[in-house]
Amino acid sequence: MKCSVQRVTVVSVNSSSKKPELRPLNASDVVVGEPLSLSVHDAEGHLLLAKGSMIRTPSQRQRLLSRDLFVYNLAVDSAAAVKPAAEGQEQRPRRVREINVFDWLDQHVAQLTKIYDDLSKTPLPETAAGLRRMSIELQRLADLHHDGLLGAVYLNPKRHSYAHTKALHVALLVNELARAQGMSKETRWSLIAAGLTHDVGMWQMQNDIQHREAPLSDEQWQQIRGHCESGIRMLRQAGVTDPVWLTAIEQHHERLNGKGYPHGLEESKITKQAKILAIADVFAAMVRTRGDREKRMPKDAMREIFMGRGEDIDSTLVQLFIKKLGMFPPGCMLRLVTGEVGIATGPGINAASPDVEVLVDRFGNPLARPLYRDTTSKECAVKEFVNAVPHPELRSLLPGLWKMLPAA
Amino acid sequence: MSVFEFDQSLQLGVQAIDEQHKRFIGYINDAWDALERGDDSEEYLYILNQLMDYAMEHFSFEESLMREFQYPGYDDHKQNHNRTAEQLFEFDMRLLAASPDDCRAFVQFLQDWLQNHIKVVDVELASFLKSKGVS
Ligand SMILES: [Fe+2]
Ligand SMILES: [Fe+2]
């Protein structure tokens with residue numbers, strides 16, 4: 001099987017003193033089936049999507065256009081490209097390395113592994129700073145590559161450990177929920193950091209029991225009951241003082257009906273951020289296999305969460321969660337009524353009809369390249385979840401399902 | 001042929017709720033259409049997924065209004081939603097094995113439930129909300 005190749009793109013960057021101006025991205029800039037003719041930036045000018053990135057699907061285009069994104073004025077760009085010496089402008093190429101979402105997952109699991117190890121042994125201020133940096137970067141990337149990153153952590157083809165992939169999954173989910181709630185970037189950074197470290201008080205045990213079916217020992221139970229507090233102790237030792245971050249972790253097992261732990265707090269005492277972390281945590285845990293139980297299909301997990309609305313979990317957040325994530329979140333493997341099998345790559349128009357890339361045809365033959373299906377049309381509707389996509393080259397096809405990201 | 005119409009008797013006078021009920025009824029009619037056409041059960045899946053998704057959205061929406069205005073009948077009303085949500089989920093699980101008659105029975109159940117729920121349960125919520133100035 002071919003391993004994934006890191007693509008290197010050279011993008012020219014204008015380094016004149018008279019800077020080109022940002023203007024909003026408009027509909028004519030984005031054409032389905034064509035590479036972007038301009039790099040896309042956020043309001044502060046950070047590069048989000050490099051020129052040349054393919055726009056594969058109508059809904060991908062729609063999602064781009066629905067966000068507040070910017071491009072540098074083409075007039076300035078192209079003038080500079082044709083006459084590099086004009087007005088003292090000079091061109092200096094800068095390499096923007098691109099990686100695929102699975103490379104991103106590998107890198108971030110590795111980063112988290114180091115961070116968790118450090119936190120368990122000798123927490124240093126740089127560990128906390130590393131988590132901060134990771135959160136800020138994750139928020140920036142996730143705002144444009146949310147579906148791809150979610151797909152990668154959900155599929156987890158290299159079977160990275162339970163604790164690390166679940167932490168990344170939770171971090172992505174809390175970012176999306178907090179954004180939908182209109183929370184500031186700063187709050188989201190704190191919440192993402194909390195997502196990355198919510199179970200740091202018991203990560204070794206989580207990975208130990210991932211493959212073990214034996215019931216939990218008393219000691220393990222104690223560790224679970226104490227993990228919110230032991231987690232924040234570890235973070236404090238590394239110099240974390242951010243109250244949003246620490247409180248969210250401390251309270252992420254509190255429940256609205258007061259039956260949670262460690263303090264059995266009532267609803268009004270639990271912060272909104274902790275409630276967000278709680279729902280993300282429950283979902284991310286349910287869709288993963290653990291030694292003592294099978295994973296649930298996302299729809300089934302949603303059902304469970306929905307039925308607990310108002311008792312365990314904040315109802316407004318449940319509603320938002322289902323709406324934002326859909327019943328078929330990115331990465332889940334599906335059979336369509338056509339008989340084709342593929343992978344959901346993003347939310348479609350509504351929660352019941354995701355974008356799907358088909359990889360196996362209706363006769364069970366593997367396809368050479370993914371085929372986009374719009375499941376809002378009745379003929380291509382989603383039929384059911386499947387446990388696997390029977391394609392011998394699956395691992396090499398997966399990276400092509402989502403956009404490339406700029407490397408850190 | 002059963003066509004479920006949104007008429008005066010279902011109008012509660014709280015615009016957001018009325019709009020949602022219209023859409024809910026729209027999805028039920030989609031299911032009837034599929035049955036009329038003789039579509040096979042795989043086709044209902046799509047409609048049922050939409051219906052389920054929308055039911056959850058609608059229930060959550062009403063409940064969020066109840067919480068916002070501290071509606072005294074919140075627990076009962078939510079229980080009522082829960083029972084139907086369970087049935088929706090449960091039917092979803094066995095849909096592929098269901099016969100057209102099963103499907104017809106289920107859609108009829110849902111239609112009867114919604115009609116009754118609007119006229120008996122939601123109507124009280126609406127008059128409470130109107131008394132709080134919501135329209
Ligand atoms: Fe209703
Ligand atoms: Fe209701």
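So the values come out like this:
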| read-out | value |
| --- | --- |
| In the stretch A:22-43, the residues that are under 11 Å from A:LEU64 (Cα atoms) and touching a residue at least 60 places away in the same chain (Cβ under 8 Å) | A:VAL40 |
| Lone unmet requirement of (1) without any contact (Cβ under 8 Å) to a residue 40 or more places away in the chain; (2) part of a helix (DSSP H, G or I); (3) within 25 Å of B:ASP75 (Cα to Cα) for A:GLY258 | (2) |
| Residues being free of Cβ contacts under 8 Å to residues at least 24 places away in the same chain and touching a strand residue (DSSP E or B) at 6+ places or on another chain (Cβ under 6 Å) - total across the stretch A:314-343 | 1 |
| Residue under evaluation B:ASP92, criteria (1) buried (at least 16 other Cβ atoms within 10 Å of the Cβ); (2) more than 14 Å from chain A (Cβ to nearest Cβ), criterion not met | (2) |
| Pick from the stretch B:6-31, criterion outside any helix (DSSP H, G or I) and within 11 Å of ligand 1 (Cβ to nearest atom), ranking: farthest from the other protein chains (Cβ to nearest Cβ) | B:LEU12 |
| A:GLU267 vs. criteria within 14 Å of chain B (Cβ to nearest Cβ) and among the acidic types (Asp, Glu) | yes |
| Matching residues, the stretch A:222-240, being in contact (Cβ under 8 Å) with a residue 60 or more places away in the chain, buried (at least 17 other Cβ atoms within 10 Å of the Cβ) and part of a helix (DSSP H, G or I) | A:MET234, A:LEU235 |
| Residue list for the stretch B:65-85, restricted to those being within 10 Å of chain A (Cβ to nearest Cβ) and either within 12 Å of B:LEU125 (Cα to Cα) or loosely packed, with under 13 Cβ neighbours inside 10 Å (or both) | B:MET66, B:ARG67, B:GLU68, B:TYR74, B:ASP75, B:LYS78 |
| Hits in the stretch A:4-58 - residues which are modelled with pLDDT under 50, of a type in the set (Gly, Ala, Ser) and either within 23 Å of A:ASP374 (Cβ to Cβ) or outside any loop (DSSP other than H, G, I, E, B) (or both) | A:SER12 |
| Enumeration of residues in the stretch B:32-75 that are among the charged types (D, E, K, R) and within 14 Å of ligand 1 (Cβ to nearest atom) | B:GLU57, B:GLU62, B:GLU63 |
| Residue satisfying condition, being among the basic types (Lys, Arg) and within 11 Å of ligand 2 (Cβ to nearest atom), within set B:LYS78, B:LYS132 | B:LYS78 |
| Qualifying residue in the stretch A:371-382 (condition: more than 20 Å from A:VAL174 (Cα to Cα), among the hydroxyl-bearing types (Ser, Thr, Tyr) and either in contact with a Cys (Cβ under 6 Å, 6 or more places away or on another chain) or free of Cβ contacts under 8 Å to residues at least 12 places away in the same chain (or both)) | yes |
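The values are calculated or read from the model by the stated rules, or taken from the named source; none is laboratory data. Note that the coordinates shown come from a computational prediction; the quantities given were computed from them, not determined experimentally. No Cβ is skipped: glycine too gets one built from the backbone with ideal geometry, and neighbour counts run over all protein chains shown.
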